[in-house]
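The values are calculated or read from the model by the stated rules, or taken from the named source; none is laboratory data. Only a predicted model underlies this, so the values are computations on that prediction, with no experimental measurement involved. Quick reminder, even Gly has a Cβ in these numbers, built from the backbone with ideal geometry, and neighbours come from all protein chains shown. To get the accessible areas, we keep the full protein, side chains included, count just its heavy atoms, and leave off ligands, DNA and RNA. Shrake-Rupley method; radii C 1.70, N 1.55, O 1.52, S 1.80 Å.
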Amino acid sequence: MDIPSFLRRFAPFDDLADEDLAEIVAHCHIEFHPAGATILQQGGEPARQLSVVRTGAVEMLDDGQVLDLLTEGEVFGHASLLSGQAPTLTVRAYEDTIVYLIDEEQARRVLSTRAGLTFVSASLRRRVVRALEGLDPQISDPWQTPVGSLIRRPPVQADPSLPVREAARLMTDQRVSSLLIPGADGAAIVTDRDLRSRVLAAGLTADVTLVEIATSPVITAPAATMVAEVLAMMLERGVHHVPVTDPDGRIVGMVTDTDLMGHERTSPFVLKVDIERSATAEQVVAAARRLPETVAALVDASVDPIDVGHVVGVTIDTLTRRLLQLGIDELGDPPCPWSWVAFGSEARLEQALATDQDNALVIDPGELPFDQVDPYFERLARSVNDRIDDAGIPKCRAGVIASNRLCRDTPAGWGARFERGIREGDWAGGVLGAIGFDVRSIAGPLEPRPVFDDAIRRASGDQHFVRRLTSTTVKEQAPTGFTRAAVIHLPGRTTDMLDLKQGGITLITSIARVYAVLGGATEIRTLQRLRLAATRDLLTEDARLGLEESFRLLWQTRLEHQVRRFRAGEEPDDLLDPRSLGPLARQGLKHAFRTIDQAQSALAGLVGVRR
């Protein structure tokens, strides 16, 4: 392949006019580096040329530690070239490598184009990645490390009036991917992603000031927060930088998603990024099928089981959004506003390896007939539901999936269905059941929350509905204990297996759901619902703590069981053989069962229903 054809395949050359590319090729040289040869030296002479890997590969090293590997078509040397400063990383040939060298004048010309500036901004973060370092060697579980222990330097601050051109140089010089912007109303933050999305992509000039693109207020984490908790927060909020505060609330440093990547391929961030960057549905499915490995690594590291469930939920969100986008790319733009919503555990971000799909579509056709726009959404939904199933998340057996015509409706239609279910008393037995009160929008330009929030608030004022929902919740009972090889249920019934979900976890989520309906609360996560109920004196603090402890124990037992089955080559499920339980586990589970039973009795008494 000739040089122009090769360069045309890669950024920042792919957007150049033919004559500009020809000029670059005319000033291009070819250089060979044997394996192990140093091409650029960290702290050495500045780069005088822009380098493009033609064949082979080069390593990027920071103080001897390999941070990245660049292969065919990838570019290096531009940060040093543009700044005139020493390289911040060493570049070394990983294998026999041929590079194209582009003279400084031509390199600066291409990097000053819009495509070039976008490329430079996008590469800033990659070039300033720092390896996780300095953990106490006695700490065997980095996930349970206080995030403050990862802080190695104060945050790099910048004046709000600083132009982004100077900001990019400052980030490069300081080897950081974000700047903290102090202000009278609190700190703001600017990241390399902001330079790309809010400046370059928006067509602004490099003279725009930081205050014009900064994000405020910033999401912070106290230094004592565990790494796992910060990780879950980053995943949910979609942020890559979190300022860390001391006990007085002062920002003392910054952590990035890179700082938390201690599990390499099984890191949830790596998995999430791989899904987001997949170019085809097949690649998305292949990446998502690594989810069990990620869960296993988190369980091995003793991450809070609730956080593990959160990571699973966020990963499935990412899978869904990417498949939706690929589906839209194939089918064309949707004919009207829409929203893909999740129900049940998917909405609550409380999912394990044994989970299924519970989703639907809210469609606003405007003046168009619904039947005219629905065929598009039926095709889109079928594609997404099928691919999620291929990724190991099966379709709901009750049919709560968006490809089911019953699960596609207008906002008014959904509102009427909720209203009818509440009024006529068939909600608990309907297709959605009580999980309809656990609903969250995952993707789409339409905001459906007001429809569902209004339904929840109306339900809280309907005493007949509240009583029916409570009766259903307290009717199902947890086991009472164990024999050596069986699970004991009332009245004297035994089973060979303990259903950790239906016999424990679902009972607690159902209790929390009733409390949310009682209080007219739109919060959907189980522990937050229980905490809110306690603050409103619907639930005693002791009862809340007991339910929370039981919830965590059941989740931990569930995840450990599912990981064992995964590693044994078996399908993860929720059915645990009681013979596998030791005496402490049996005792803990029996205590959890008693706690659930007491909470159900208290709830029945509060609402005035019989068990």
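Remarks
- For the residues 311, 295, the requirement of being in contact with a Pro (Cβ under 6 Å, 6 or more places away or on another chain), hydrophobic (A, V, I, L, M, F, W, C), open to solvent by less than 10 Å² (accessible area, probe 1.4 Å) and under 20 Å from residue 527 (Cβ atoms) singles out 311.
- Filter result for residue 56 (under 29 Å from residue 197 (Cβ atoms) and either open to solvent by 40 Å² or more (accessible area, probe 1.4 Å) or in contact (Cβ under 8 Å) with a residue 12 or more places away in the chain (or both)): no
- Segment 299-348: number of residues that are of a type in the set (Ser, Thr, Tyr) and not in a helix (DSSP H, G or I): 2
- Once segment 302-335 is narrowed to residues that are farther than 21 Å from residue 548 by Cα and among the hydrophobic types (A, V, I, L, M, F, W, C), the residue that is modelled with the lowest pLDDT is 314.
- Residue count for segment 188-211, restricted to those that are among the charged types (D, E, K, R) and open to solvent by 20 Å² or more (accessible area, probe 1.4 Å): 4
Matching residues to (1) under 23 Å from residue 535 (Cβ atoms); (2) touching a residue at least 40 places away in the same chain (Cβ under 8 Å); (3) polar (S, T, N, Q):
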residue: 469; (1), (2), (3): yes, yes, no
residue: 474; (1), (2), (3): yes, yes, no
residue: 480; (1), (2), (3): no, yes, yes
residue: 485; (1), (2), (3): no, yes, no
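- Segment 237-260, subset in contact with a Leu (Cβ under 7 Å, 6 or more places away or on another chain) and modelled with pLDDT under 85, residue most open to solvent (accessible area, probe 1.4 Å): 259
- Hits in segment 475-508 - residues which are within 14 Å of residue 575 (Cβ to Cβ) and either part of a strand (DSSP E or B) or among the aromatic types (Phe, Trp, Tyr) (or both): 487, 495, 498, 499
- Of the listed requirements (1) surrounded by fewer than 16 Cβ atoms within 10 Å (Cβ to Cβ); (2) closer than 20 Å to residue 604 by Cα; (3) touching a residue at least 24 places away in the same chain (Cβ under 8 Å), residue 567 misses just one: (2).
- Qualifying residues in segment 513-544 (those that are in a loop (DSSP other than H, G, I, E, B), out of contact with any Lys or Arg (no Cβ under 8 Å at 6 or more places or on another chain) and aliphatic (A, V, I, L, M)) - the one surrounded by the fewest Cβ atoms within 10 Å (Cβ to Cβ): 538
- Taking the criterion of being open to solvent by less than 40 Å² (accessible area, probe 1.4 Å) and more than 21 Å from residue 36 (Cα to Cα), the residues of segment 85-114 that qualify are 102, 106, 107, 110, 111.
- Segment 374-392: number of residues that are at positive phi and of a type in the set (Lys, Arg): 0
- Total residues in segment 217-236, condition open to solvent by 10 Å² or more (accessible area, probe 1.4 Å) and part of a strand (DSSP E or B): 2
- Among the candidates 367, 346, the residue that is among the charged types (D, E, K, R) and surrounded by fewer than 24 Cβ atoms within 10 Å (Cβ to Cβ) is uniquely 367.
- For segment 380-399, residues that are in a helix (DSSP H, G or I) and either crowded, with 20+ Cβ neighbours inside 10 Å or touching a helix residue (DSSP H, G or I) at 6+ places or on another chain (Cβ under 6 Å) (or both) total 8.
- Of everything listed in (1) farther than 29 Å from residue 394 by Cβ; (2) part of a helix (DSSP H, G or I); (3) at pLDDT 90 or above; (4) open to solvent by 60 Å² or more (accessible area, probe 1.4 Å), the single unmet condition for residue 457 is (3).
- Scanning segment 18-35 for residues being open to solvent by 40 Å² or more (accessible area, probe 1.4 Å) and free of Cβ contacts under 8 Å to residues at least 60 places away in the same chain gives a total of 4.
- In segment 1-77, counting only strands (runs of 3 or more DSSP E) that sit wholly within it, the ones holding 3 or more residues that are at pLDDT 90 or above span 28-33, 38-40, 49-55.
- Segment 484-504 - residue that is over 19 Å from residue 596 (Cα atoms) and surrounded by fewer than 14 Cβ atoms within 10 Å (Cβ to Cβ) and, of those, modelled with the highest pLDDT: 496
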